[in-house]
Each structure stands twice: as C-alpha cells, then as structure tokens.
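Readers should treat all values here as calculations from the given coordinates under stated rules, not as data from a laboratory. None of these values were measured; they are calculated from a predicted model. Cβ placement follows ideal geometry from the backbone for every residue including glycine, while neighbour counts extend to all protein chains displayed.
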Amino acid sequence: MKSHVTGLISVAMLVSLLFSSARADDSRIVQIIEKDILYNPSSITVHLNQKLRIKNDDPFFHKSRISVLDNDNKEGEVVMPAKKEEAHTQQDFKFSMPGHYKIRCMVHDGMTAVINVVN
Ligand SMILES: [Cu+2]
C-alpha cells in the first residue's frame, strides 16, 4: 500500500515536471508583431534554441521573407521564403545559424526589421 502511494506521488511529480517544462518551452518563443504595416520591434534578438513567432495583428495579409544580412547590409540567401500570412494568424520559424538577418514584407515596401540570432 505504501509503495502504491509513493507511486502516485512520483506520477504527480512527473506530471508537474512535464507542465513546468511546457512553460519553459513557451519562454523559448520570441515574438515579432505585424501591426499597422510595421514589424514590432524593428530589431530583435533570438537565441538559436528559441523560435521566432511572426504574428499578424493586422486585419489584412502580409508576406514575410527572411534573408541573411550580408556585411555590406545587403540581403543574401533567403532562409524563409515568403508566403501569405492571413490576418490574425501566426507562424513560427527556427534559425539554424547565428548571424544577422532581415525580415521583409514582400507586399509592403519598407516594412522590414533586423533579427540578430545568437548562440
Ligand atoms: Cu505587409
């Protein structure tokens, strides 16, 4: 009987551990908001173990593309091709290399932000 109780306690501890790790995962998301045809913030730091969440808070669509920002500040290799982001939707992106990146909306000229990806 005693071992049964101990077993239940272990299960309870395991469950609470699982829930706390789920919360920790939520903190591994960095958000960039699309609002009023701007990215907010306009400069953001993301760790390699974090996901970038691109959230469209506008009542119309955007089309974000992420590319590597070269030393001469030009956009190079595209790491996330543009796709339609409907109003009030979100998508997550995970970087595989540290560096400087630019996110750009292919619909709205001048709607850009810089993303710094660090270890
Ligand atoms: Cu846009």
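Quick notes
- Among F93, F61, the ranking by other beta carbons within 10 Å of each residue's beta carbon, starting with the fewest, stands as F61, F93.
- Net charge over other residues, Cβ less than 10 angstrom from the Cβ of G76 (K, R count +1; D, E count -1): -2
- Listed peptides 51-60, 70-79 by packing density, highest first (mean Cβ within 10 Å): 51-60, 70-79
- Fewest-first ranking of M111, M97, M106, using other Cβ atoms within 10 Å as the exposure measure: M97, M106, M111
- Fully extending the segment from N71 to K94 would add 6.1 nm, taking 0.36 nm per residue of separation and subtracting the current Cα-Cα distance.
- Taking the centroid of alpha carbons for each part, segment 46-71 and segment 98-116 are 7 Å apart.
- Extended-chain gain in nm, criterion 0.36 nm per residue less alpha-carbon gap, I37 and A87: 16.8 nm
- Our coupling estimate for segment 108-119, obtained by passing each phi through the Karplus curve with A = 6.51, B = -1.76, C = 1.60 and θ = phi - 60°, is 10, 4, x, 8, 9, 8, 9, 10, 9, 9, 10, 5 Hz, Gly and Pro reported as x.
- Interchain or long-range residues, amide H under 5 Å from F95's placed H: L52
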